[in-house]
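> My questions all concern the structure below.
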Amino acid sequence: MTEIGKSLIFIGVVIIIIGTVLLFSDRLPFNLGRLPGDISYKKENFSFYFPITTSILISIFLSLLFYLFSRFFR
């Protein structure tokens, strides 16, 4: 039963962190989603956008976050 409690706390903390980042995203010194390295291609009736740099940064952040929580809950 304690494992379920730890999992619920972990999910709650992750949701709070994501909500805080989204709440203050307009105040960040960089525009998350329009970073240098993100691929953007526009033509007359076609546009393509692939946020590769943003995806890498989010992946690094989430990997670090999950690593820290796994160390904390062991």
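> Leaving ligands, DNA and RNA out of it, report the carbon-plus-sulfur percent of the accessible area of the chain at a 1.4 Å probe. Don't skip to the end; give the middle numbers.
Numbers: 4520 of 6480 Å².
Roughly 70 percent of what the probe reaches on the chain is carbon or sulfur.
> Here are a few candidate values for Cα Rg over 2.2 N^0.38 Å: [x] 1.50; [y] 1.04; [z] 1.78. Which one was actually calculated from the structure I just gave you?
[x]
> Quick one: net charge around L57, please, counting Lys, Arg +1 and Asp, Glu -1 for every other residue with C-beta under 13 Å from its C-beta.
0
> Test of understanding: what is the full-extension gain from T20 to Y67, defined as 0.36 nm times their sequence separation minus their Cα-Cα distance?
Net length gain for the segment: 14.9 nm.
> Further, regarding this structure: Calculate the FRET efficiency for S55 and N31 from the Cβ-Cβ distance with a Förster distance of 22 Å, rounded to the nearest 0.05.
For S55 and N31, the calculated efficiency is 0.90.
> Leaving out ligands and nucleic acids, note down the accessible area per residue over the chain with a 1.4 angstrom probe, in whole Å².
88 Å²
> Report, in deg cm²/dmol and to the nearest 500, the calculated mean residue ellipticity at 222 nm for the chain, where each DSSP H run with n ≥ 4 adds -39500 (n - 2.57) and the sum is divided by the residue count.
Helix contribution divided over all residues of the chain: -20000 deg cm²/dmol.
The values are calculated or read from the model by the stated rules, or taken from the named source; none is laboratory data. As the structure is a computational prediction, the values presented were derived from the model and not from experiment. Virtual Cβ from ideal backbone geometry, glycine too; neighbours counted across all protein chains shown. Heavy atoms of the whole protein, side chains included, go into the accessibility calculation; ligands, DNA and RNA do not. Shrake-Rupley method; radii C 1.70, N 1.55, O 1.52, S 1.80 Å.
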